[in-house]
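Comments concern the structure below.
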Amino acid sequence: MPSAMRVLVVLGALLATCPALAANGDHRGGTLRITADAGAGTIDPQINYFSEMIQVQVVVYDGLTAFSKHPGEASNHPVADLADALPEPQDGGRTYVFHLRDGIRFSDGRAVTVDDVVASFRRIFKVHAPSSGSFYAGIVGASDCLKDAEHCTLPGVQGDAAARTVTFHLTAPDAEFLDKLAFPHAYVLPADTPPHDLGNDPAPGTGPYRFVSYDSNRGMVLDRNPFFHEWNAEAQPDGYVDRIEYSFGLDDEAEVTAVENGQFDTLYDNVPLDRYGEIGDRYTDQVHIEDVFALYYLAMNVNLPPFNNLKARQAVNYAVNRRAMQTFYGGEGAASIACQYIPAGLPGHVPYCPYSRGADNAHPVEHWAAPDLARARQLVAESGTEGQHVTLVVPNRAVEIAMGTNLQNMLRAIGYDADVKPIAFAIQFNYIQNSSNKVQISLTDWFADFARPSNFVSALYGCGNFHPGSDSSPNVSGYCTPALEDVMNRAMSESLADPARGDALWAQADRMLSADAPGAPLIQIKKIDLVSKRLGHYTATNLYHMLFSQVWVR
């Protein structure tokens with residue numbers, strides 16, 4: 001085991017035995033300082049799909065529901081937020097009636113109304129939110145909105161101003177509907193928010209903080225929302241710090257040094273592998289390792305050579321050295337090997353690996369053992385794609401470049417003329433989503449939007465999430481098959497009445513993806529947070545990661 005791997009294993013064991021610092025006293029005030037190598041694009045909460053921005057938006061905006069901001073298992077489940085209670089589904093799971101809380105105001109002082117809620121859901125389609133075709137397509141009228149966004153009326157969302165209720169009518173039962181309402185694309189904005197990408201101009205929110213300024217190249221500043229009051233501490237607790245300053249521009253090596261020196265309180269980006277020994281030896285009490293539902297994976301474009309050939313995609317799955325990917329990320333303490341699309345810990349995950357030495361789809365094993373280069377070379381030869389040029393697109397960060405170099409060597413070893421194209425992290429994910437850029441294969445990660453298997457199966461490989469020519473097309477592979485859609489639709493519907501049956505269907509969908517291999521799962525990662533000495537009351541959840549509202553600075 002390399003030294004960096006030993007450090008993370010030992011560090012994880014040490015941190016597991018340390019209780020979280022209890023919140024005592026007021027601890028209010030001060031400025032939380034965060035750094036990242038680059039910004040994460042638009043500030044629009046209904047368009048942005050980067051965890052970097054979502055981590056900030058959760059303290060600025062609210063939806064009818066929210067994921068609990070209590071650490072642990074509780075954080076995987078939705079709770080009432082702008083609605084005063086979670087409604088029971090009616091009409092066999094096709095109707096939900098929410099009652100809006102009284103007394104909540106946006107950061108510009110305006111009261112939150114039923115009209116704001118209705119308009120916000122129409123806006124999801126008007127601005128072509130990346131999740132509009134997957135998360136919200138089941139609302140009555142959504143199909144028309146997807147075809148003609150400009151004239152979207154969305155009759156399936158009806159407001160009653162006098163009763164302060166919002167009623168949703170669905171075309172079919174959806175066991176995940178309350179989860180989808182908690183996702184940032186369903187945040188409630190003022191009804192007059194322009195129906196286009198807001199860019200660098202923030203909309204007013206209802207959370208404990210508000211945006212003061214945002215420059216996608218330099219950074220952002222948040223301060224307290226003067227109209228915020230705590231209505232449900234589980235959904236949106238009040239914050240401790242008075243101000244949050246987020247600065248962009250340092251590379252990941254410089255970010256680590258700046259946090260060690262106390263210039264910043266934490267960094268967004270991955271800690272480079274060569275710094276693990278240092279932080280494990282000298283900064284152990286400033287490192288937190290948190291479980292999250294997140295994968296690194298290769299996305300292969302099923303509509304372009306050579307990966308429009310099944311055997312070529314299967315060859316990559318056999319050849320990739322998942323152990324090496326684990327090592328580059330930090331070893332066994334920081335990541336586990338992944339061979340399937342649904343991460344461990346989610347419903348529907350059944351250990352299954354057909355792409356390992358000595359295994360295949362007819363004879364899978366439970367856990368990956370080693371790459372099978374001989375089998376991969378044979379498949380490339382049989383595919384007729386040997387010798388073709390392949391460009392692998394990776395984020396321009398130390399960890400991903402190391403992974404990319406290894407993957408480039410793998411592609412060459414199985415018969416391709418391969419090179420690597422690093423792109424700045426801030427734009428890499430948008431770039432690989434856009435089919436007009438003709439990306440053949442890319443390395444990326446995916447953090448769960450909510451703790452459901454659909455978020456790794458339907459979100460990444462469903463037909464509704466492939467939007468040709470768009471930067472907002474999470475189905476990077478461009479994969480779409482009626483057979484998978486049928487299984488996913490049945491899983492979504494049956495999970496409401498029979499969760500066990502739904503889980504079995506999601507496991508079936510996972511195996512179908514493995515057989516077609518539109519991607520190659522690599523590792524399931526943990527989130528490693530390095531913080532400054534002055535940061536206290538570190539709090540994190542599986543979905544929101546570090547909660548900026550719940551830390552304090554000394």
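Every number here is computed from the coordinates shown, using simple stated rules; none is lab data. Just so it is clear, the model here is predicted, and its values are computed rather than measured. Heads up, the Cβs are rebuilt from the backbone with ideal geometry, glycines too, and the neighbour counts pull from every protein chain shown.
A few remarks follow.
- For the chain, the Cβ-based charge dipole about the Cα centre amounts to some 780 debye (Lys, Arg positive; Asp, Glu negative; other atoms uncharged).
- Beta bridges from DSSP with both residues in the chain: antiparallel share about 75 percent, rounded to the nearest 5.
- With the simple spin-label model, which puts each label point 7 Å out from Cα in the Cβ direction, the Ala374 to Asp201 separation comes to 6.5 nm.
- Amide H within-cut-off set for Leu392, under 5 Å, with H built and near neighbours excluded: Asp419, Val420, Lys421
- The calculated 222 nm mean residue ellipticity attributable to helices in the chain amounts to -8500 deg cm²/dmol, summing -39500 (n - 2.57) over DSSP H runs of n ≥ 4 and dividing by all residues.
- Extension gain (nm, one decimal) between Ser470 and Val221, 0.36 nm per residue minus Cα-Cα: 86.7 nm
- As a calculated quantity, the FRET efficiency between Asp108 and Thr31 at R0 = 25 Å, using C-beta atoms, amounts to about 0.65.
- Each of Leu146, Leu411 has some number of other Cβ atoms within 10 Å of its Cβ, and from fewest to most they run Leu146, Leu411.
- If the chain linking Ala254 and Asp417 were pulled fully straight, counting 0.36 nm for each residue of separation and taking away their Cα-Cα distance, it would gain 55.3 nm.
- Violating pairs (Cα-Cα greater than 31 angstrom) within the set Lys126/Lys438; Lys147/Lys527; Lys311/Lys421; Lys126/Lys311; Lys421/Lys526; Lys147/Lys421: Lys147/Lys527; Lys126/Lys311; Lys147/Lys421
- Cα centre as origin, Lys/Arg/Asp/Glu Cβ charges: the range 263-395 dipole, Debye: 640 debye
- In a simple Cβ point-charge model (Lys, Arg +1; Asp, Glu -1; nothing else charged), the range 391-540 has a dipole of about 560 debye relative to its Cα centre.
- Among residues other than Asn437 with Cβ under 15 Å from its Cβ, the summed charge is +1 (Lys and Arg +1, Asp and Glu -1).
- Distance from the Cα centroid of the range 39-115 to that of the range 298-351 is 32 Å (rounded to whole angstrom).
- Mean Cβ neighbour count within 10 Å, used as a protection proxy, ranking 35-43, 99-107 highest first: 35-43, 99-107
- Amide H contacts under 5 Å for Asn225, placed H, 5+ residues apart: Tyr209, Arg210
- At full extension, Thr405 and Ala362 could sit 12.3 nm farther apart than now, given 0.36 nm per residue minus the alpha carbon distance.
- The modelled label-to-label distance for the pair Leu304/Arg282, using points 7 Å beyond Cα in the direction of Cβ, is 4.3 nm.
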